[in-house]
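Down below is the structure, laid out as structure tokens.
The values are calculated or read from the model by the stated rules, or taken from the named source; none is laboratory data. Remember, predicted model here, so these are calculated numbers, not experimental data. Every residue, glycine as well, gets a Cβ built from its backbone with ideal geometry; the counts of neighbours run over all protein chains shown.
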Amino acid sequence: MTLKRVDEQYRGLTYTWGRLDHPEETPFQVAPGVWWLRFTMPGPLNHINLWLLEDGDGWTIVDTCLNLETAKAQWESLFDGFMGGKPVKRVICTHMHPDHIGLAGWLCERFACDLYMTQAEFLTGSLIMGYTGEQAPPAAISFYHRAGFSAGQLDHYRDRFGGFGQFTTPLPHNYQRLTDRQTLAIGGRYWQIVVGEGHSPEHACLYCPALQLVIAGDQILPRITPNVSVFPTQPDGNPLEAWLASSTRLLSMLPEDLLVLPAHQAPFTGVRVRLNQIIDSHRLALAKLYDLLMEPKILPDCFSCLFGREIQDGELQMATGETVAHLNYLWHRGNISRRLTDDGRYEYQADPDARYIDAE
Ligand SMILES: [Zn+2]
């Protein structure tokens, strides 16, 4: 089925088929040989967009959804129905988050096909799956204690630790490595891998110049700013620097009239407008945070400045990771310093002589 084109304008972007998410669970053709699948998921994201690419006598799948019975059933009905019994020739995952790789192992096993991922995504996904059933390590507890978690919040973290594997089938033991600027022939067309960092270690986007579109995964989303977080495995990491550099690079590479196929929400054009909005929102947040830290603060005192609201327990870990990302960015640049308080929390303070400048 082909969707009706409406070109809805909203906040500088044009939503080709409207701003509402894909309305039903029917594949829609967004370009020759490129089909949009919407899979429902629990939680605030509510759904994920997956992409089915015609590939000669079979299919290439991009991203897979969580390991849910409902998602497996949706795939089953596609195999027998829309996909016409033709085989899946390969599974490509943009990155290792569970909504993207959840059913990759299941699909690859079923069709005896290869998984295509970048190296850092494959290895990081494998590492985190290996934590399933393990206790939270002391380094992780120390990281969240320093970030201001209360004893109760640390207990909650311990209880939830190792839950990643719950929503993912095991990854295959081997894979085909994707690298930046590598090209793939899919359905007789040329596709180029474009790697971005910051949301996940080595996120692959798939750019098809002939079709003027990019499968963007979570690297470019239209209305949510993708999460950029520091995790306990690399407590002094600086993913926001990598994120801003990647966004700037994408800005220089991707043409404005490109159709963006995001993993959440709806396809749109206006990629350069959107990348600039995302870059600007982080730069503004960094400037506000620097000003706030003229008085020393521990991490939870920065939430209202960054998020403009109270943080609920269910979002605490993500909000903390994102706040550490902004603080580490300023700390690495020497705009702020940090010290451990007597009760073992990091306290951050701006250096008035090292003002954060809101531009590169
Ligand atoms: Zn993601």
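Residues in region 197-211 that are outside any strand (DSSP E or B) and touching a residue at least 60 places away in the same chain (Cβ under 8 Å) were compared, and the one that is farthest from residue 249 (Cα to Cα) is 211. Evaluating residue 91 against the criteria (1) at pLDDT below 95; (2) touching a helix residue (DSSP H, G or I) at 6+ places or on another chain (Cβ under 6 Å); (3) surrounded by 20 or more Cβ atoms within 10 Å (Cβ to Cβ) leaves one unmet condition, (1). Does residue 261 satisfy the condition of being under 24 Å from residue 61 (Cβ atoms), touching a helix residue (DSSP H, G or I) at 6+ places or on another chain (Cβ under 8 Å) and buried (at least 20 other Cβ atoms within 10 Å of the Cβ)? No: the conditions fail for residue 261. The residues in region 231-248 that are more than 16 Å from residue 276 (Cα to Cα) and away from the ligand (no atom under 15 Å from the Cβ) can be counted, and the count is 7. Residues in region 204-229 that are within 15 Å of the ligand (Cβ to nearest atom), surrounded by 17 or more Cβ atoms within 10 Å (Cβ to Cβ) and of a type in the set (Val, Ile, Thr): 215, 220, 228.
One residue stands out in region 31-73 among those that are assigned to a strand (DSSP E or B) and small (Gly, Ala, Ser): the one that is nearest to residue 114 (Cα to Cα), namely 58. With the condition kept exactly as written, say whether any residue in region 16-39 is within 24 Å of the chain's Cα centre (by Cα), among the polar types (S, T, N, Q) and at pLDDT 95 or above. No, region 16-39 has no match at all. Residue pairs whose Cβ atoms lie under 7 Å apart, separated by 6 or more positions or on different chains, with the first residue in region 308-319 and closer than 16 Å to residue 227 by Cβ and the second surrounded by 14 or more Cβ atoms within 10 Å (Cβ to Cβ) and small (Gly, Ala, Ser), are 311/319; 318/229.
Scanning region 132-149 for residues that are hydroxyl-bearing (Ser, Thr, Tyr) and crowded, with 17+ Cβ neighbours inside 10 Å yields one hit, 144. Take region 280-306 and flag every residue that is closer than 23 Å to residue 234 by Cα and either surrounded by fewer than 17 Cβ atoms within 10 Å (Cβ to Cβ) or touching a helix residue (DSSP H, G or I) at 6+ places or on another chain (Cβ under 7 Å) (or both). Once the filter is applied, which keeps residues that are closer than 23 Å to residue 234 by Cα and either surrounded by fewer than 17 Cβ atoms within 10 Å (Cβ to Cβ) or touching a helix residue (DSSP H, G or I) at 6+ places or on another chain (Cβ under 7 Å) (or both), region 280-306 yields 282, 283, 285, 286, 289, 290, 298, 299, 301, 302, 303, 306. For region 74-102, the set of residues classified as within 15 Å of the ligand (Cβ to nearest atom) and either free of Cβ contacts under 8 Å to residues at least 24 places away in the same chain or assigned to a loop (DSSP other than H, G, I, E, B) (or both) consists of 93, 94, 95, 96, 97, 102, listed by residue number. Each residue in region 94-108 was checked for being surrounded by 24 or more Cβ atoms within 10 Å (Cβ to Cβ) and among the small types (Gly, Ala, Ser), and 2 of them qualify. It is to be established whether one or more residues within region 249-261 are under 30 Å from residue 7 (Cβ atoms), within 16 Å of the ligand (Cβ to nearest atom) and of a type in the set (Asp, Glu). Checked region 249-261: no residue is under 30 Å from residue 7 (Cβ atoms), within 16 Å of the ligand (Cβ to nearest atom) and of a type in the set (Asp, Glu). Residues in region 103-149 that are more than 16 Å from the ligand (Cβ to nearest atom), within 20 Å of residue 316 (Cβ to Cβ) and part of a helix (DSSP H, G or I): 138, 139, 140, 141, 142, 143, 144, 145, 146.
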